[in-house]
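Below is one structure, written out as structure tokens; the observations come after it.
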Amino acid sequence: MTLVIAHRGWSARQPEQSRAAYVAAIDLAARTGRRLGLECDTHFSADDQLICLHDLDLARTGGRPVDARDLTVAQLKGVDIGSWLIGPEATPAQRELITVPELFDLVAEARGRGIDVFAVVETKHPNPCGTDVERALAGLLRERGWVGADAPVRMISFDPEAVHVFAGLLPDVPRSQLQFPAPIVEGVEAPAISPWLGMVRRDPELVRRAHEAGLEVHVWTVNDPADIAFCLELGVDAITTDSPDLALQLVAD
């Protein structure tokens, strides 16, 4: 059955990558009894912690034109990343940026309650720290003992060098090679490719070619019901979506 990954948490309903977005996605997995991925992007803070944030700066989601790399986690916790979407009535959980370890805590706690969720961590490139991001991520996973094929984490990146470095550090942990704008099937150092939906629309045979090469296909970002149905008809292995509730329902149907 096609896997569903909640893009930046349940970002169709909650501020992206806020605590509320991930808690809502976990609650959805609990209600449906279905496996669900929790996707995040990661950068370093000023005190060298990995944080969940898509952009290098906070202009779009926090209303502050400052690089996240220049703020400590304590300072980042003071930035409101939710009111841009929710308005002044945003709750503390909707306003709160979280760290990657905090996301891992949510995953571990949910799995302890029998909820089948896992983190999907995109290491963003280019960034000022290069592949130190992958090394830091591997360090966090080693601390938790999440180092095997059963680790509740998948590493993803557009940067082939990042995927290569991570594969050398933790070769058994699941990973995917994100792809845009051109698909690559040969020489991928990951068991899965993750193309943009538009690439698959232009070249549906990509899915067959990848499967024949022994690769899974994880497509992003798939929100429209017709696009979800299209991906399911092609037999893709996973879809990343802002609306995991809709995707889970269509997959079940």
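The values are calculated or read from the model by the stated rules, or taken from the named source; none is laboratory data. Computed from a prediction, not measured in an experiment: that's the story for all the values here. Cβ placement follows ideal geometry from the backbone for every residue including glycine, while neighbour counts extend to all protein chains displayed. Please note that ligands, DNA and RNA were not included when accessible areas were found on the heavy atoms of the full protein model with its side chains. Shrake-Rupley method; radii C 1.70, N 1.55, O 1.52, S 1.80 Å.
A few remarks follow.
- Thr91 vs. criteria of a type in the set (Val, Ile, Thr), over 14 Å from the mean Cα position of the chain (by Cα), open to solvent by 30 Å² or more (accessible area, probe 1.4 Å) and closer than 22 Å to Glu143 by Cβ: no
- The residue that is nearest to Leu3 (Cα to Cα), among those in region 165-182 that are part of a loop (DSSP other than H, G, I, E, B) and touching a Lys or Arg at 6+ places or on another chain (Cβ under 8 Å), is Pro174.
- Cross-chain or 6+ apart pairs with Cβ under 8 Å, region 216-243 first and without any contact (Cβ under 8 Å) to a residue 24 or more places away in the chain, then assigned to a strand (DSSP E or B): Ile228/Ile239; Ile228/Thr241
- Qualifying residue in region 145-164 (condition: in contact with a strand residue (DSSP E or B) (Cβ under 6 Å, 6 or more places away or on another chain), in a helix (DSSP H, G or I) and either at pLDDT 95 or above or closer than 15 Å to Ala192 by Cβ (or both)): yes
- Of everything listed in (1) surrounded by 21 or more Cβ atoms within 10 Å (Cβ to Cβ); (2) not in a loop (DSSP other than H, G, I, E, B), the single unmet condition for Asp80 is (2).
- Check on Val120, assigned to a loop (DSSP other than H, G, I, E, B), touching a Gly at 6+ places or on another chain (Cβ under 8 Å) and open to solvent by less than 10 Å² (accessible area, probe 1.4 Å): no
- Exclusive hit being open to solvent by less than 30 Å² (accessible area, probe 1.4 Å) and either in contact with a Gly (Cβ under 7 Å, 6 or more places away or on another chain) or not aliphatic (A, V, I, L, M) (or both), set Gly198, Gly214: Gly198
- Only a single item in (1) farther than 22 Å from Met1 by Cβ; (2) part of a helix (DSSP H, G or I); (3) open to solvent by 60 Å² or more (accessible area, probe 1.4 Å) is not met by Glu186, and it is number (2).
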